[in-house]
Amino acid sequence: VITEPEICPSCGSKLIKKGAILTCLNREGCTEQVVDRISHFATKQAFNIEGLSTKTIEAMHTSLGLNEPSDLFKLSKEDLLTLEKVKDKKATNILSSIEKSKNVTLEQFIYALGIPEVGVVSARALAKEFKTLENIMNATEEDLTRVEDIGEVIAKFILNFFSDPKNVKELESLLNSGVKIQEQN
């Protein structure tokens, strides 16, 4: 008999069972979740931020209090220089890459959000169908399921994501930090 863990191995929080999945609800305090979320955000298919290794993101979380992707856009060179193994050139390159990443396609932006089950193909389909972030956020389950590659399960994940106040606050933070979503053709 396999006993399911009750405690998150990363942060020690109590795990909650959602269907067949065990989930840690400690979104900001669980290093593994924070690092995964920001690493996903920085990938080539998302914001394409070069120079951000998992180790660097982990150090940013533990030393600088980086909890959300929008926190990347608040970093200064001085912040980065306090991290171990980050010298002047690396700090400059990271900041330059972060600045360059502010111009993204809607497809990249949606993918970067890390909505469960929304991969590159689904993000592309959503961007093509809805054209703007606002249209996606205001879509109903019926609107979403009409999109190729979006079934009921993914539609519910999208609706849940955009109805969570923490996610909406993060979206606002991203847009207020100078992120520009390019028009979708």
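Of all residues in region 8-19, those that are hydrophobic (A, V, I, L, M, F, W, C) and open to solvent by 90 Å² or more (accessible area, probe 1.4 Å) total 0.
Scanning region 81-115 for residues being over 17 Å from V179 (Cβ atoms), of a type in the set (S, T, N, Q) and buried (at least 17 other Cβ atoms within 10 Å of the Cβ) gives a total of 0.
Residues of region 96-130 that are hydroxyl-bearing (S, T, Y) and more than 14 Å from the chain's Cα centre (by Cα): S96, S97, T105, S122. The residues in region 63-87 that are of a type in the set (S, T, N, Q) and under 19 Å from H40 (Cβ atoms) can be counted, and the count is 2.
Annotation: of all residues in region 142-175 being among the small types (G, A, S) and without any contact (Cβ under 8 Å) to a residue 60 or more places away in the chain, the one that is farthest from V104 (Cα to Cα) is G151.
Any chance region 26-34 includes a residue that's surrounded by 15 or more Cβ atoms within 10 Å (Cβ to Cβ), under 14 Å from A112 (Cα atoms), in contact with a His (Cβ under 6 Å, 6 or more places away or on another chain) and not small (G, A, S)? Looking for residues that are surrounded by 15 or more Cβ atoms within 10 Å (Cβ to Cβ), under 14 Å from A112 (Cα atoms), in contact with a His (Cβ under 6 Å, 6 or more places away or on another chain) and not small (G, A, S), one finds at least one in region 26-34, hence yes.
Filtering region 89-109 for residues that are in contact with a Pro (Cβ under 8 Å, 6 or more places away or on another chain) and either closer than 30 Å to F162 by Cβ or among the hydroxyl-bearing types (S, T, Y) (or both) leaves an empty set.
Quick one: is T140 at pLDDT 95 or above and closer than 21 Å to A155 by Cα? Against the criterion (at pLDDT 95 or above and closer than 21 Å to A155 by Cα), T140 qualifies. Annotation: E78 fulfils all but one of (1) surrounded by fewer than 16 Cβ atoms within 10 Å (Cβ to Cβ); (2) closer than 24 Å to A127 by Cβ; the unmet one is (2). Would you check which residues across region 91-117 are farther than 18 Å from L174 by Cα and modelled with pLDDT of 95 or more and list them? Of everything in region 91-117, those that are farther than 18 Å from L174 by Cα and modelled with pLDDT of 95 or more turn out to be A91, T92, N93. Exactly one residue out of E4, E50 is modelled with pLDDT under 90 and either among the acidic types (D, E) or in contact with a Phe, Trp or Tyr (Cβ under 6 Å, 6 or more places away or on another chain) (or both), and it is E4.
The values are calculated or read from the model by the stated rules, or taken from the named source; none is laboratory data. Computed from a prediction, not measured in an experiment: that's the story for all the values here. Because the Cβ atoms are built from the backbone with ideal geometry, glycine has one as well, and the counts that use them run over all protein chains shown. Areas reflect the complete protein model, heavy atoms only, side chains present, ligands, DNA and RNA absent. Shrake-Rupley method; radii C 1.70, N 1.55, O 1.52, S 1.80 Å.
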